[in-house]
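Here's the structure we're looking at; comments come further down.
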Amino acid sequence: MADQGRVVIRNASILDPAAGELLPDRVITVEGGDIVDVGDSPGASTGARQIDAGGRVVMPGLIDGHVHVLAYTANLPAAAEQSPYYVAARAGEILRGMLDRGFTTVRDAAGADYGLADAVREGYFVGPTVVFGGKALSQTGGHGDGRPRGREVHDDAYCAPTHCRVVDGVDEVRRAVRDEIRKGAEHIKLMLGGGVASPTDRIDSTQFSVEEIRAAVQEATAANRYVLGHAYTSKAVNRGLAAGVRSIEHGNLIDETSIPLFLEHDAFYVPTLATYSALAEEGPAAGLPAESFAKVFEVLDAGLHALELAHRGGVKIVYGTDLLGDMHYRQLTEFALRAQVQPAADILRSATTTAAELLGLPGRIGTLAPGASADLLVLDGNPLEDIAVLTKPADALRLIMHRGRVHKNTLI
Ligand code: ZN
Ligand code: ZN
């Protein structure tokens, strides 16, 4: 991507998510895609491009900790039959939409690979930075096994645009984790229990043996990576946490027993409430098969209760959405859904500093300080007072900068 030169943003009222407060009259200097200075005067700014924030709130770009950029339809088994080129083209459209909403980093929780991450970094796709884990690992008949009941053969050609690979036994799990890491995976996703979008499993099942989970954690840890686990019930969540899984996805059906385990293992919780209300309202129209639609309601209402348990228990919570197909436009609804339970400052941290910690990028993303990537938003309104400001990007989001490049600017 072309170098953007030096940019000075004046009159910024910086939102510091860690402190939950505004720092008025700041000047942010950006160079080479990074923030190089934050102060109360512009310093030597000759030749720099000037942006006047006009006293508006300037905050770090948002981080979504659970997305699927390949999920152009809610019918994931059907998507696996598509040409990877077609799927990549649709992913490009999904990525652009995410950046338009103010997300400057997304953690892909299954599907995206080094090719997509490189395409964004090199500027061929316009979108947020993609932190990817390659294909998720599922056991036979698990949440990542998209075969209908009658099909015997699983298409495991790696270039098929599937979200998962099916592996059984400690040795296969170990080999698959090593292989994803060989391909650059920044985390490893395991299906630890049943799910909505899978044709043959039950939500209340546990998946993978404890030995298989431990093997995946060992291999990821050896490579300085971590494991995230898809799970709904405490039965599935607790055995994952005990085996060293660092990030639990969904968790809608957890009870109190999971809270001390999150704390003991310093693990993160990534609820994805947006996708269940989306699937309940428009899943079938977006291609969700009937057998999956029936499962949505098993987890829909429980999600807020689970979030409340985790919030009251002091668990580290990260923003996630998990949207599929035509429902991606609802990516910002998670803010409003969580506001039923959490104060604005906590939700803002979940989409900035806490997410950065989970992704292993504290100080690089989710913050506006020297040394951070120049990922920032300029807003009309203060999300600390009203989180709903973030849910109206067409009007309230006046400037989006990603890695020093201005993606949108309606200030001028
Ligand atoms: Zn999942
Ligand atoms: Zn997911």
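Here, each number is a calculation from the coordinates, and none is a lab measurement. Treat the numbers as computed from the prediction; the structure is a model and nothing was measured. Using ideal geometry, Cβ is built from the backbone for each residue, glycine included, and neighbour counts are taken over all protein chains shown.
Summary table below
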item: Distance (nanometres) between label positions extended 7 Å along Cα→Cβ at residue 395 and residue 312; result: 3.6
item: Folded to 0 to 90 degrees: helix 290-299 orientation relative to the chain principal axis, Cα; result: 70
item: For region 11-49 versus region 209-253, the gap between their alpha-carbon centres in whole angstrom; result: 39
item: Separation of the residue 329 and residue 291 label points, Cα + 7 Å toward Cβ, nm; result: 3.1
item: Simple label model, 7 Å out from Cα along Cβ direction - residue 301 to residue 89, nm; result: 4.4
item: Fewest-first ranking of 295, 392, 189, using other Cβ atoms within 10 Å as the exposure measure; result: 392, 295, 189
item: Residues of region 205-242 with amide N under 20 Å of a point placed 7 Å along Cα→Cβ from residue 114; result: 219-227
item: Extension gain (nm, one decimal) between residue 121 and residue 209, 0.36 nm per residue minus Cα-Cα; result: 28.0 nm
item: Tally of Lys pairs whose C-alpha atoms are under 27 Å apart, taken over the chain, 8 or more apart or cross-chain; result: 12
item: Modelled FRET efficiency - R0 30 Å, residue 388 with residue 34, Cβ distances, 0.05 increments; result: 0.45
item: Positive-end residue, the chain charge dipole about Cα centroid, Cβ charges, pick of 278, 129, 309; result: 129
item: Sequence-separation-based contact order of region 63-201, relative, with Cα cut under 8 Å and 6+ spacing, percent; result: 28
item: Antiparallel bridge percentage (DSSP; both residues within the chain; nearest 5); result: 45
item: Computed [θ] at 222 nm, deg cm²/dmol, the chain (DSSP H ≥ 4; -39,500 (n - 2.57); rounded to nearest 500); result: -8500 deg cm²/dmol
item: Global form of region 62-331, assessed from the alpha-carbon gyration tensor, a/c cut-off 1.5; result: rounded
item: Listed peptides 56-63, 136-143 by packing density, highest first (mean Cβ within 10 Å); result: 56-63, 136-143
